[in-house]
Amino acid sequence: MPASSPEAFPMDPKSNSEAPQKTSPAEIKYFFDSAPPLRDGADIRSGSARRVVCLTSGGTTVPLEQRCVRYIDNFSSGHRGAASTEYTITAPYFAVLYSSRLSAFDEIASGSCQPYCRSLPDDPLLKCFEPIDDSNVQVRQSYSQAVKMAINEHNAAVEGGHLLKLPYTTIFEYLQILRLIATSMSSLGQNAMFYLAAAVSDFYVPWESMALHKIQSASGPLDMSLAQVPKMLLVLRKEWAPSAFCVSFKLETDSKILLAKANMALQKYEMHAVVANELLTRKEEVTVVTSSGNITVHRDKSVADADVESPLIKLLVERHSAYIADLDL
Ligand code: PAZ
């Protein structure tokens with residue numbers, strides 16, 4: 001008989017009485033030691049079953065009028081965020097909160113690229129479908145695979161609880177949503193990851209000093225001063241979600257300053273990694289800057305349609321796992 005089997009802990013002689021029986025620590029130990037191993041136990045221990053990533057994508061707008069007719073925008077297509085979401089969901093993350101740019105105006109459909117829709121044309125409704133008679137429409141043969149894949153994989157991710165989309169348009173909405181997500185995710189501790197690929201405006205017009213109505217051209221040339229958007233990354237690290245694993249992005253057009261700027265962001269905002277990329281080569285390679293050194297990852301050119309986000313997400317998932325393991329020690 002094993003030393004820790006229940007027979008080694010004889011039943012209390014008063015066990016038939018109404019008094020609740022006290023469970024000894026040895027009984028508890030025996031129960032767990034002898035229980036069959038839990039399926040997915042390794043995943044649960046490593047925290048991967050509970051990991052959530054907040055992934056931001058696209059570019060924020062800066063409205064010039066409260067009843068907005070004009071706004072300042074930036075180049076971001078949202079491709080990085082959409083591709084990264086697809087690779088993250090197949091990694092050991094439970095869920096992705098995908099905050100991406102919605103169109104500035106309801107009437108204009110596209111705001112930024114969406115997960116699983118990257119292989120669809122720009123105006124999918126017009127290009128992918130054709131009317132066959134007065135009441136029926138069908139998918140054109142040449143797009144049927146892409147449409148089926150987009151609908152099936154997107155719906156599986158959303159219905160399986162792995163993808164929640166939280167759209168923003170303006171810089172005001174983006175930072176408020178980020179704060180809301182971050183403070184809600186802080187209870188996940190180190191299992192939370194932030195992957196901040198959105199191109200966030202550096203300058204804005206404060207709401208209170210913004211014109212209410214459309215700015216009139218009759219008043220002559222427009223002379224306007226923009227305030228600096230407060231840097232929120234350190235607030236995220238220190239206050240909103242202090243235990244989360246945080247990855248920010250740094251884009252430059254001048255390769256000579258890129259790594260220095262990424263390193264500066266790493267230190268100043270206490271990021272766990274900063275992904276440095278250049279405008280023209282951003283789909284080919286990125287450099288992950290960390291306190292233990294830099295790693296450049298490339299798109300696999302030998303594979304058709306390969307994405308640089310595939311090796312990038314693989315590397316960051318490994319780094320996040322190592323971060324969790326270190327904190328668990
Ligand atoms: O959205 P996209 O795929 O066209 O480009 C991605 C990116 C360059 C916006 C992103 O990789 C990035 O660097 N975001 C941060 C930009 C910055 O504020 O420095």
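Determine the sum of side-chain charges near residue 144: Lys and Arg each +1, Asp and Glu each -1, restricted to other residues whose C-beta is under 14 angstrom from that of residue 144. Please list the in-between numbers first.
On the way: positive: 127, 140, 148; negative: 130.
Local charge sum for residue 144: +2.
Please list the equivalent ellipsoid semi-axes of region 163-301, computed as the square roots of five times the alpha-carbon gyration tensor eigenvalues, in descending order and whole angstrom. Provide the component values of the computation, followed by the final result.
Working: eigenvalues 184, 96, 40 Å².
Working through the eigenvalues yields semi-axes of 30, 22, 14 Å.
When DSSP beta bridges are limited to those with both residues in the chain, what percentage is antiparallel, rounded to the nearest 5?
Numbers: 16 of 44 bridges.
Roughly 35 percent of the DSSP beta bridges within the chain come out antiparallel.
Where in region 202-256 are there trypsin sites (Lys or Arg not before Pro) that are in a DSSP coil and have at most 15 other Cβ atoms within 10 angstrom of their Cβ?
Those satisfying the criteria are 214, 231.
By how many nm would the segment from residue 73 to residue 119 lengthen if fully extended, with 0.36 nm per residue of separation less the alpha-carbon distance?
14.1 nm
Using only Cα atoms, tell me the angle between helix 255-268 and the longest principal axis of the chain; keep it within 0 to 90° and round to the nearest 10.
The angle comes out near 50 degrees.
Specify the angular offset, from 0 to 90 degrees and rounded to the nearest 10, of the alpha carbon long axis of helix 309-328 from the longest principal axis of the alpha carbons in the chain.
So the inclination is approximately 40 degrees.
Suppose R0 equals 35 Å. What FRET efficiency, 1/(1 + (r/R0)^6) with r the Cβ-Cβ distance, do residue 261 and residue 142 give to the nearest 0.05?
Details: r = 43 Å, r/R0 = 1.24.
The calculated FRET efficiency here is 0.20.
Residues with amide H under 5 Å of residue 246's amide H, sequence separation 5 or more or different chain, H placed in the peptide plane at 1.01 Å from N; which?
The list, which skips near neighbours in sequence, is 194, 272, 273.
In degrees, nearest 10, range 0 to 90: what is the angle between the Cα axis of helix 25-34 and the longest Cα principal axis of the chain?
That helix lies at roughly 70 degrees to the long axis.
Quick check: pseudo-label points 7 Å beyond the Cα along Cα→Cβ at residue 209 and residue 239, how many nm apart are they?
2.2 nm
On average over all directions, what projected area in square nanometres does the chain have, based on the convex hull of its Cα atoms? Show your work: numbers first, answer last.
Details: hull surface 117.2 nm².
That works out to 29.3 nm².
Which of 201, 302, 77 moves most in a GNM of the chain, Cα contacts under 10 Å?
In this elastic network of the chain, the residue with the biggest mean-square fluctuation among 201, 302, 77 is 302.
Mean residue ellipticity at 222 nm from the helices of the chain, using -39,500 (n - 2.57) per DSSP H segment of n ≥ 4 over the full residue count, to the nearest 500 deg cm²/dmol?
Working: 8 runs with 98 residues, N = 329.
The helix contribution divided over the chain gives -9500 deg cm²/dmol.
Give me a comma-separated list of calculated 3J(HN,Hα) values for region 196-203, in order, Karplus coefficients 6.51, -1.76, 1.60 applied at θ = phi - 60°, integers in Hz, x for any Gly or Pro.
Once rounded to whole Hz, the list reads 9, 8, 5, 8, 9, 4, 8, 10.
Taking the Cα centroid of region 177-229 and of region 52-85, what is the distance between the two, rounded to the nearest whole Å?
Between the Cα centres of region 177-229 and region 52-85 lies a distance of 10 Å.
For the pairs 29/238; 148/314; 231/283; 261/283; 165/314, flag any whose C-alpha to C-alpha distance is greater than 28 Å.
Working: 29/238 39 Å; 148/314 26 Å; 231/283 26 Å; 261/283 20 Å; 165/314 22 Å.
From the list (29/238; 148/314; 231/283; 261/283; 165/314), the Cα-Cα distance tops 28 Å for 29/238.
Coordinate-derived values only; no laboratory data. Source: prediction; values computed, not measured. Virtual Cβ from ideal backbone geometry, glycine too; neighbours counted across all protein chains shown.
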